[in-house]
Amino acid sequence: MASGVKVDENVLFLFNDMKVRKANLTEEEKKKRKKLVLFCLSSDEKKIIVEEGQEILQGDSGDPYTKLIQMLPEKDCRYALYDATFETKETKKEDLVFIFWAPETAPLKSKMIYASSKDAIKKKFTGIKHEWQLNGLDDIKDRRSLAEKLGGSTVVSLEGKSLNE
């Protein structure tokens, strides 16, 4: 069931910016690229918007996977776009992952509107290979759960850290 919620044009602009990998970027420009962005509903619940201040840049220090976990609200839903860097037994890769966060602790109304609006944002994110639905911190606490989505048993590290860490 569609909710009638629209996707703000800034969401699409940001997605296209994250999707296109520009080969001739300077190191400084690479550090400013988005690694993770959270999206939420506007206060009137009519649009999906970029959540102000909820992003991680490529050049930010610290582990982006751990930061992702910390950024997810405990009692509300969110969408996220995550530029995952991982290594398989053969090669290093980067893939965009669409995340739908709907924790058990979120209000029913929030879960319903986010669930019914998910297709609106997914349709705008053309070419995304990986979708990950999370219903609580147990789904995300271990790097292996995302590695499984990205390539199963061939993935050996995520964000430069071994899956056994």
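The values are calculated or read from the model by the stated rules, or taken from the named source; none is laboratory data. Note that the coordinates shown come from a computational prediction; the quantities given were computed from them, not determined experimentally. Positions of Cβ are generated from backbone atoms using ideal geometry, with glycine treated the same way; all protein chains shown enter the neighbour counts.
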- Which of the residues spanning region 111-134 are in a loop (DSSP other than H, G, I, E, B) and crowded, with 16+ Cβ neighbours inside 10 Å? Phe125
- Would it be correct to say that Glu159 is in contact with a Pro (Cβ under 8 Å, 6 or more places away or on another chain), of a type outside the set (S, T, N, Q) and either modelled with pLDDT under 90 or closer than 26 Å to Gly59 by Cα (or both)? yes
- Task: Give region 139-162 a look and list any residue that's in contact with a helix residue (DSSP H, G or I) (Cβ under 9 Å, 6 or more places away or on another chain), surrounded by fewer than 13 Cβ atoms within 10 Å (Cβ to Cβ) and assigned to a helix (DSSP H, G or I), or say none.
- Result: Ser153
- Unmet criterion (only one of (1) under 27 Å from Asp139 (Cβ atoms); (2) touching a helix residue (DSSP H, G or I) at 6+ places or on another chain (Cβ under 9 Å); (3) touching a residue at least 40 places away in the same chain (Cβ under 8 Å)) for Lys6: (1)
- Note on the structure: region 4-93: strands (runs of 3 or more DSSP E) wholly inside it with 2 or more residues that are more than 14 Å from the chain's Cα centre (by Cα) are 47-57, 78-88
